[in-house]
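Comments concern the structure below.
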Amino acid sequence: MAYAALSSLMHTLQQLLQSKSPLICTGNTSIQYVESLYQDLCDLQVFLENTTMEVKDIDDVKVLEKKIKDVVYKAEDRIDSSLRSIILLDNGDDDREMACKAFNEELQQVEKEVCFLKKEVMVIKFNKHIGFTKSPESTTFPSSRKSTIEEKTVVGMKDDLNTILNCINTQTKELIVISVVGMGGIGKTTLARKVFDNSTIHSQFDKHAWVTISQDYNKRQMLLDVVSSITGINQEIMSNDKLLETVYKGLKGRRFLIVIDDLWSNEAWDLMRRIFPNDYTKSRIILTTRLKNVADYASSSAFPPYDMSFLSLDDSWNLFTERLFREDPCPPQLEEVGKRIIQQCGGLPLSIVVIAGLLGNIGRTHDNWKNIEENLNSFFGTVSEQCQAILSLSYNFLPQYLKACFLYIGSFPEDMEIHVSKLISSWIAEQFIKARSNTRLEVVAEEYLQELTDRSLILVGGRRANGRIKTCKIHDLLRQMCIREAQIENVVHFTNNDISDGINDHRRVIIPYLIQDYFRDHPKHRNGKITTRSLIFLGGQSYEVTGIYYWPYSISDFKLLKVLDAHEIGFDFSRIIPQLVHLRYVDARVNDPSSLAKLFNLQTIIIYSQKKNLQLPPQIWTMSEIKHVDITDVDMPNPPLGGQPLFLNSLQTLAVKSSVVVLKILRRIPNLNKLKINDVRSTEWNAFLDCLLVLQGLVTLNIQAAASLKSPFILSRDIFLPNLTKLSLNSTFFPWEDMAVLAKLPNLEVLKADNAFWGTDWKLDEDVVFPKLNCLGVRHGNLERWEATSDNFPMLEQLNLSWLHFLEEIPESIGEIMMLKSIEIKDCNPAVITSANQIRENQEIYGNSEFQLRFVRY
């Protein structure tokens, strides 16, 4: 991928140009070549940014991109190899001088080659002017009006929905399996989700679970997902038989609703059916599959599989206009060509929403839409083949800066929910995100993700309480297209049991489960140098097999590695990491943190250890690139003497165990954006509050205290954190009166309290107002009486109460909050459920049809 390759090499050169860079050799010659090379790369990147193709030029531009990518990849490999030799040698060493000389010679040669490439690219002329025109009428839609995929529009599915609801509500007491069958992209999951999320249906069942199986299902992971959904607890230490027993006992005698999404085989169903007891409690299972024989095999005899049909042309047009124009009509000059485009979607909802995402981002002109129609006319085939053509077209017209990000998402396992925070850190480490003045890279990355969502290329899995995307996933058909494109472009390879011979050249590799074939042939025995830049391991317990203690040593031969995500392996990488001097992102077990001392490029450090009394090396204070540190098992080193801000001026997130040293450090990193601090003791509490006076930029704060009922903490003074939006408190045991202090946080949107407050009575005076709080979660404690009015929480949308066994009721006035969207009750006093039902009735009277009430029982 040419654009991403340019970004990565440009970042390396930027580091070399820093005045205090430990990577650069002395002398002006190398600086001159670095500056010249950097400018040539900038020019090439600007050229690609401006190359927004007409449909007919796609193949020509792809050839050009490949040429740029190949040259830049090789240039980056040569420069990084030379830099590695310099980093591993000490200053003053004769060998280091020779390495510097070799680096300068390599740099000079690379600069000549890239300069030649630039001249060659700049003289290329296409037969026709490249680019979609952006006339005044072709402006894209404001983000506030763009649709999001999780809205789960059911245009044209009203009859489908009613049919499934009738099956659910039938008076038959025995367990019923309702199969929904249809091709990929036809809306099976959307339909099942609409039923599952229906508040009336949800309230009829004691237990609820949603399990996605996928084509390459993993038996153990499938069982873990079911157990987690049923019990709410991660049970990875259990054997498979114990997991089966746990699910069966958890459902025994209960009325349950289970959705089994994307089933591909009778074998998988045979495994699943054993764990669902038939106790004649009107329990129901909804099953979705693309295979008619699987649907026939699994369905209850009295309820044959429900075949989903394609949308009519009218429903297709309604879905398209709803996604693209929302409540506005389609402009008359676009209606005729628009309907011809939609006709080619064959009534497949996925094709319709993706084409809507494409047309919404190229400008509303007749010529632009006509170009898309003509391109689609060149494809002939089945609805499925036409769908693939539409998906490929949408990818081809992505802006250059989005392509690598999109393909990267597609490389994750099928149906996997990807945590956005980790995805964004990976994008940044891979240098996919282009820097923008006065804007953090994380903010730019979130905008990229939102744009992919607006184009209907990414599914939103879940949102945080403040509305930001928490997890995402990708539709199977889009993922298949991504895998093809990613391997062609050598962006990322998703390995399976079929390992290709050319793994030396795989730029980025994601390994979902233990694949010993990938490392069995030791890299030293392969032909050529390894140029892999990222190794990402997924799969948890599946790595705990024979051989784990020797094959990871092969990773030390991946000398140019920049991303190592091996958290799931459990292997100590202390002896390997010192050889991987280009690492930007490390997430692994490290028993000797001093092994990080020469990793000057590090941006993200996530390490854990089974040993005690470990600390990061003091060299961390010279690592100016570090943005994220998560080391709750490892201590921070003493900071340098003096009270000036530390060199960690880019540090944005810190997760650490409290100590005297940490409290000293917090006073010297004022730019911190997110802090999680564990094990805060009563002797440190006042000093910690003093630190908060410095951390004015905090947006998220998570405090895990070590208080007790004998020594509770007290908020004896106001906390001025003007930018704080999310606060999580655990085991602080504040008196309820201290809630008045938190109400003074002007921008607080999310408050989660777990054993954070103690006392039987919580009364909020009328002058205590949480002006922006939209999510309140209270877990555990001895609270009995809660007095509050709607005026105390004017913006509250979500209320989550868990394990409050003594609480007598939810204040009735909470039901008068006009913004209220949901209440979730987990294992509380039955009286709380009664008051919650009363609030639901009040919300219905107020006309709030979106209000959701959920009860979770364990």
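Residue by residue through the range 766-782, what is 3J(HN,Hα) from phi via Karplus (6.51 cos²θ - 1.76 cosθ + 1.60, θ = phi - 60°)? Round to whole Hz and write x for glycine and proline.
Computed from phi, the couplings for the range 766-782 are 5, 8, 8, 10, 9, x, 10, 5, 10, 9, 10, x, 10, 10, 6, x, 10 Hz.
Taking 7 Å along the Cα-to-C-beta vector as the label spot, tell me the Val443-Ile833 distance in nanometres, rounded to one decimal.
Each label point is offset 7 Å from its Cα along the Cβ direction, giving 4.6 nm.
Can you tell me the length gained on complete extension of the stretch Arg717 to Glu808, counting 0.36 nm per residue apart and subtracting the Cα distance?
Length gained, Arg717 through Glu808: 29.7 nm.
The list [x] 27; [y] 48; [z] 37 gives values of percent of Cα pairs over 48 Å apart, and only one came from this structure; which label was calculated from it?
This structure yields the entry labelled [x].
Place a +1 charge on the Cβ of each Lys and Arg in the range 354-420 and a -1 charge on the Cβ of each Asp and Glu, then give the dipole magnitude about the Cα centre in debye, rounded to the nearest 20.
Charge dipole, the range 354-420, about its Cα centre: 260 debye, nearest 20.
Once ligands and nucleic acids are excluded and a 1.4 Å probe is used, how much of His582 is accessible, expressed in Å² to the nearest 10?
10
Once you charge only the Cβ atoms, +1 for Lys and Arg and -1 for Asp and Glu, what is the size of the charge dipole of the range 698-844 about its Cα centre, to the nearest 20 debye?
Dipole about the Cα centre, nearest 20: 700 debye.
Any idea what the relative contact order of the chain is, in percent, if you count C-alpha pairs under 8 Å spaced at least 6 apart?
Once divided by the residue count of the chain, the mean separation gives 7 percent.
Search the structure for amide H atoms under 5 Å from the amide H of Thr212, placed 1.01 Å from N in the peptide plane, and list their residues when 5 or more places away or on another chain.
It is Asp261, by chain and number.
Run down the aspartates and glutamates and flag those whose C-alpha is under 12 Å from the C-alpha of Lys339, throwing out any fewer than 8 positions away in its chain.
Those aspartates and glutamates meeting the cut-off are Asp314, Asp315, Glu373.
When the chain is fully extended, how far beyond the present Cα-Cα distance does Asp95 get from Ser199, taking 0.36 nm per residue of separation?
Separation in residues times 0.36 nm, less the Cα-Cα distance, equals 30.3 nm.
Which Cα, out of Leu223, Gln704, Tyr846, lies furthest along the positive dipole direction of the chain (beta carbon charges, K/R +1, D/E -1)?
Final value for the positive-end residue is Gln704.
In the range 203-311, what chymotrypsin sites (Phe, Trp or Tyr not before Pro) fall in a loop by DSSP, with at most 15 other Cβ atoms inside 10 Å?
Tyr280
Along the charge dipole of the range 291-448, Cβ charges K/R +1 and D/E -1, which of Ile355, Leu319, Leu398 sits furthest on the positive end?
Leu398
Rounding to the nearest 20 debye, state how big the charge dipole of the chain is about its Cα centre with +1 on each Lys and Arg Cβ and -1 on each Asp and Glu Cβ.
In debye, rounded to 20, the chain gives about 940.
Of the DSSP beta bridges with both residues in the chain, give the percent that are antiparallel, rounding to the nearest 5.
Roughly 10 percent of the DSSP beta bridges within the chain come out antiparallel.
Ser228 to Lys74: extension gain in nm, 0.36 nm per residue of separation minus the Cα-Cα distance?
Here the answer is 50.8 nm.
For the chain, what is the accessible area per residue in Å² when the probe is 1.4 Å?
43
When the accessible area of the chain is computed with all protein chains present and a 1.4 Å probe, what percentage of it is carbon and sulfur?
Its accessible area is 49 percent carbon and sulfur atoms.
What is the local net charge at Val491, summed over the other residues whose Cβ is closer than 11 Å to its Cβ (Lys, Arg +1; Asp, Glu -1)?
Overall, the nearby charge balance is +2.
Taking 35 Å as R0, compute the FRET efficiency from the Cβ-Cβ separation of Lys249 and Asn169 and round it to 0.05.
0.80
Which listed residue (Leu729, Ala566, Leu693) has the Cα farthest towards the positive end of the charge dipole for the chain, taking +1 on Lys and Arg C-beta and -1 on Asp and Glu C-beta about the Cα centre?
Result: Ala566.
Please report the accessible area of Val383 (heavy atoms, 1.4 Å probe, ligands and nucleic acids excluded) in Å², nearest 10.
50
How about the range 284-366: which GluC sites (Glu not before Pro) there are in a DSSP loop, with at most 11 other Cβ atoms within 10 Å of their Cβ?
Glu327
Looking at the range 656-811 only, what percent of DSSP beta bridges run antiparallel? Nearest 5 please.
Looking only at bridges with both residues in the range 656-811, the antiparallel portion is about 5 percent.
Please identify every one of the GluC sites (Glu not before Pro) in the range 816-852 that sits in a loop by DSSP and has no more than 12 other beta carbons within 10 Å of its own beta carbon.
Of the GluC sites (Glu not before Pro), the ones in loops of the range 816-852 whose Cβ has at most 12 other Cβ atoms within 10 Å are Glu850.
Tell me, what is the 1.4 Å probe accessible area of Met122, in Å² to the nearest 10?
80
Can you check what the net charge comes to around Trp786, using other residues whose Cβ is under 13 Å from the Cβ of Trp786 (Lys, Arg +1; Asp, Glu -1)?
Summing Lys and Arg as +1 and Asp and Glu as -1 gives -4.
Given labels modelled 7 Å from the Cα in the Cβ direction, how far is it in nm from Asp296 to Lys119?
In this crude spin-label approximation the distance works out to 6.9 nm.
Students sometimes get this wrong: rank Glu385, Glu812 by accessible area, probe 1.4 Å, all chains present, largest first.
The most accessible residue leads, giving Glu812, Glu385.
Ignoring ligands, DNA and RNA, how do Ser394, Ser301 rank by accessible area with a 1.4 Å probe, largest first?
Putting Ser394, Ser301 in descending order of accessible area: Ser301, Ser394.
At 1.4 Å probe size, put Lys772, Lys763 in order of accessible surface, largest to smallest.
Heavy-atom accessible area, descending, gives Lys763, Lys772.
Listed here are the pairs Lys194/Lys627; Lys292/Lys422; Lys194/Lys826; which of them are more than 28 Å apart at the Cα?
Lys194/Lys627; Lys292/Lys422, as the Cα separations exceed 28 Å there.
The values are calculated or read from the model by the stated rules, or taken from the named source; none is laboratory data. Being a predicted model, the structure only gives us computed values, none of them experimental. Don't worry about glycine lacking a Cβ; one is built from the backbone with ideal geometry, like all the others, and counts go over all protein chains shown. For accessibility, only protein heavy atoms count, side chains too; no ligands or nucleic acids. Shrake-Rupley method; radii C 1.70, N 1.55, O 1.52, S 1.80 Å.
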